[in-house]
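The values are calculated or read from the model by the stated rules, or taken from the named source; none is laboratory data. All figures in this text were calculated on a predicted structure; none of them were measured in a lab. Areas reflect the complete protein model, heavy atoms only, side chains present, ligands, DNA and RNA absent. Shrake-Rupley method; radii C 1.70, N 1.55, O 1.52, S 1.80 Å.
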Amino acid sequence: GAGAGAGAGAGEIVSGREAVMLVREPQNRYDRNAIAVHNVTGQQVGHVKAVLACTLAPLMDRGLARLEGLPPKHAPNSMYGLSLAVHV
């Protein structure tokens, strides 16, 4: 897996080792490679960092990858980020 980071607020909405879904946002006006991070209830809790999204987005767009994330054990959560292990 590769490391990824979710954006602001993720630490307060994702608990423990709760799996998250990574969802493409090709219409995002700030980044055409944007990948949103959603918790198990479907609530958006952040975005994958742009430096990783630019590599992962084309794979998702071609149907070559469906990505899910799982916070690693002992990963520090904060209101500004969440460490994720991404499994392709």
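Converting phi to 3J(HN,Hα) with the Karplus coefficients 6.51, -1.76 and 1.60 and the offset θ = phi - 60°, the stretch 24-40 yields 5, 10, x, 8, 4, 6, 9, 7, 5, 9, 4, 10, 7, 10, 10, 7, 5 Hz in sequence order, with x at every glycine or proline. Taking only protein heavy atoms and a 1.4 Å probe, the accessible area of the stretch 22-66 is 54% carbon and sulfur.
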